[in-house]
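Down below is the structure, laid out as structure tokens.
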Amino acid sequence: MSRRKKAFTNYEINKNIAKILVLHRVWDGLNQTKIAKDLNVSFQQIQKYEKCMNRMSAEMLIDICNKRKWDITLFMNNKPESILDELMKGVNQMDPKSSPYPLRISQITEKWKTIDRVGEDNYYYKHHFKKGN
């Protein structure tokens, strides 16, 4: 009996959750310490979630979404880039009140590049999995 190939590997799911966590945190102008306080963990733990070194539990995900009024269904999205695109549509580049958003967009995309670059190795090394599982 052959096993059906998973639509997404555990790593890909973890990576998307990390990217969406970064997206929400940076877009809302929050630092890792503020998110850590909401979850009653250290900011280093948030760093580990965002670098795919540790996996965020469902309970933590629900907790932070409830405390920050984030839509939890967005964390199930397999294309974080589409969420950023939607948020960017609501930003008027000519409005002085939207001045922090170009910087935030840049910060988000840089953090995502880091996740893409080191996240996979962090995830598989930390969890002693073979790549592809």
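Aliphatic (A, V, I, L, M) and crowded, with 18+ Cβ neighbours inside 10 Å: is that true of ILE72 in this structure? Judged against the criteria, ILE72 is not a match. The one condition from (1) modelled with pLDDT under 90; (2) in a helix (DSSP H, G or I); (3) closer than 29 Å to LYS126 by Cα that ARG3 does not meet is (2). Would you confirm, using the coordinates I've provided, whether MET94 is at pLDDT below 95, buried (at least 19 other Cβ atoms within 10 Å of the Cβ) and not in a helix (DSSP H, G or I)? Answer is no for this residue.
In the stretch 96-124, the residues that are under 14 Å from ILE17 (Cα atoms) and basic (Lys, Arg) reach residues that are modelled with pLDDT of 85 or more and assigned to a helix (DSSP H, G or I) with C-beta atoms within less than 6 angstrom, at least six apart or across chains, in these pairs: LYS111/VAL22. Within the stretch 46-68, does at least one residue satisfy the condition of being hydrophobic (A, V, I, L, M, F, W, C), touching a Gly at 6+ places or on another chain (Cβ under 9 Å) and surrounded by 16 or more Cβ atoms within 10 Å (Cβ to Cβ)? So far as the stretch 46-68 goes, yes, one or more of its residues are hydrophobic (A, V, I, L, M, F, W, C), touching a Gly at 6+ places or on another chain (Cβ under 9 Å) and surrounded by 16 or more Cβ atoms within 10 Å (Cβ to Cβ).
Restricting the stretch 78-91 to residues that are outside any helix (DSSP H, G or I) and under 19 Å from ARG25 (Cβ atoms), the residue that is modelled with the highest pLDDT is LYS79. If you go through the stretch 33-59 and keep only what is assigned to a helix (DSSP H, G or I) and either among the hydroxyl-bearing types (Ser, Thr, Tyr) or closer than 18 Å to ILE115 by Cβ (or both), you end up with THR33, ILE35, PHE43, GLN44, GLN45, ILE46, GLN47, LYS48, TYR49, GLU50. Among all positions in the stretch 9-25, there is at least one residue which is modelled with pLDDT under 95, more than 10 Å from the chain's Cα centre (by Cα), over 28 Å from MET88 (Cα atoms) and surrounded by fewer than 18 Cβ atoms within 10 Å (Cβ to Cβ). Just so you know, in the stretch 97-128 the residues that are among the polar types (S, T, N, Q) and part of a helix (DSSP H, G or I) include one that is surrounded by the most Cβ atoms within 10 Å (Cβ to Cβ), and it is ASN122. Of all residues in the stretch 39-64, those that are on the phi > 0 side of the Ramachandran plot have Cβ atoms under 7 Å from Cβ atoms of residues that are crowded, with 18+ Cβ neighbours inside 10 Å and not acidic (Asp, Glu), 6 or more apart or on another chain, in CYS52/ASN14; CYS52/LYS15; CYS52/ALA18; CYS52/ILE115; CYS52/GLY119; CYS52/ASN122; CYS52/TYR123.
The values are calculated or read from the model by the stated rules, or taken from the named source; none is laboratory data. All values reported here derive from a predicted model rather than from experimental measurement. Counting neighbours? That spans all protein chains shown, and the Cβs are built from the backbone with ideal geometry, glycine included.
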